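Asks: Handing you a structure now.
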Amino acid sequence: MKPILFSTKMVQSLLNTKPDVWPAQPIDEAKPFKSQTRRAIKPQPRDAPEGARVDPYDGNRERFTVWTRERKMCLDCGGNVKGAAHWKPPFLPGEILYARETWADIPETAPGNLHYRASATEGDLAWFRENNWKWRPSIHMPREAARLFLEVKAVRAERLRDITASDKIAEGFCDCCRSYPCGEKDICDEQCFMKTWDSIYVGRGYSWGSNPWVWVYELGRVER
């Protein structure tokens, strides 16, 4: 079982997604829920031109194929089709992932010593401050501490800015106009997604402005 990192807001959206239900549905329709995540392809394809599309990963190939009007070519093959095998996505359809999130392991507290930042109330946060307890980064969460499990339903590759309005909802960004008083929901949602993406990737060379290729994972929450 492989880990996948999520921010606190993403975890809150995942927690509002009904387990063992697909297509994904929210528990509370007034709040965001999450069934998609985008991750930058590393390294980026060198030879995929603007306007190219990429076949979905069907589980029978070890590479994605870029189609252009003129010809079919593999991502960064370098003239050798076998050399494209490394474009296999990190997570494949059917795999179960465990979500890594911000957490704490505080001895002699309930329940089970484990606490999760995404579920913390204001009282919980004050309690942590008063006792000088520290939250642990998601990257350090072991499998044994995980509480959220996700099945990879499908994978595709596309340009970041190809995200659609329905994709933004699936990413958990359906209520962003509360933060952007522009009055245009699609614009607000795009600004919110762009701001969140750049907060993670701008320093790594995969900014919204550079429109990188990304893996798009469809994820279904499952009970374990």
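Asks: Condition first: touching a residue at least 40 places away in the same chain (Cβ under 8 Å), open to solvent by less than 20 Å² (accessible area, probe 1.4 Å) and assigned to a strand (DSSP E or B). Now tell me which residues in segment 96-110 satisfy that.
Replies: Leu97, Tyr98, Ala99, Trp103 - these are the residues of segment 96-110 that are touching a residue at least 40 places away in the same chain (Cβ under 8 Å), open to solvent by less than 20 Å² (accessible area, probe 1.4 Å) and assigned to a strand (DSSP E or B).
Asks: Within segment 163-192, take every residue that is modelled with pLDDT of 85 or more and assigned to a helix (DSSP H, G or I) and give me the one that is surrounded by the fewest Cβ atoms within 10 Å (Cβ to Cβ).
Replies: Ser166
Asks: List the residue pairs whose Cβ atoms are under 8 Å apart, where the first residue sits in segment 197-211 and is surrounded by 13 or more Cβ atoms within 10 Å (Cβ to Cβ), the second is part of a loop (DSSP other than H, G, I, E, B) and not small (Gly, Ala, Ser), and the two are 6 or more positions apart or on different chains.
Replies: Tyr201/Pro212; Tyr206/Gln44; Tyr206/Pro212
Asks: Separate question: Kindly provide the set of residues from segment 145-162 that are modelled with pLDDT under 90 and crowded, with 21+ Cβ neighbours inside 10 Å, ordered by number.
Replies: Val155, Ala157, listed by residue number.
Asks: Conditions first: (1) surrounded by 12 or more Cβ atoms within 10 Å (Cβ to Cβ); (2) modelled with pLDDT under 75; (3) not in a strand (DSSP E or B). Leu92 passes all but one, so which condition is the exception?
Replies: (2)
Asks: Please work out which residue is nearest to Glu171 (Cα to Cα), limiting yourself to segment 1-43 and to residues that are open to solvent by 50 Å² or more (accessible area, probe 1.4 Å), assigned to a loop (DSSP other than H, G, I, E, B) and touching a strand residue (DSSP E or B) at 6+ places or on another chain (Cβ under 8 Å).
Replies: Of everything passing the filter in segment 1-43, Gln25 is nearest to Glu171 (Cα to Cα).
The values are calculated or read from the model by the stated rules, or taken from the named source; none is laboratory data. As the structure is a computational prediction, the values presented were derived from the model and not from experiment. Positions of Cβ are generated from backbone atoms using ideal geometry, with glycine treated the same way; all protein chains shown enter the neighbour counts. These area figures cover heavy atoms from the full protein model, side chains too; ligands, DNA and RNA do not enter into them. Shrake-Rupley method; radii C 1.70, N 1.55, O 1.52, S 1.80 Å.
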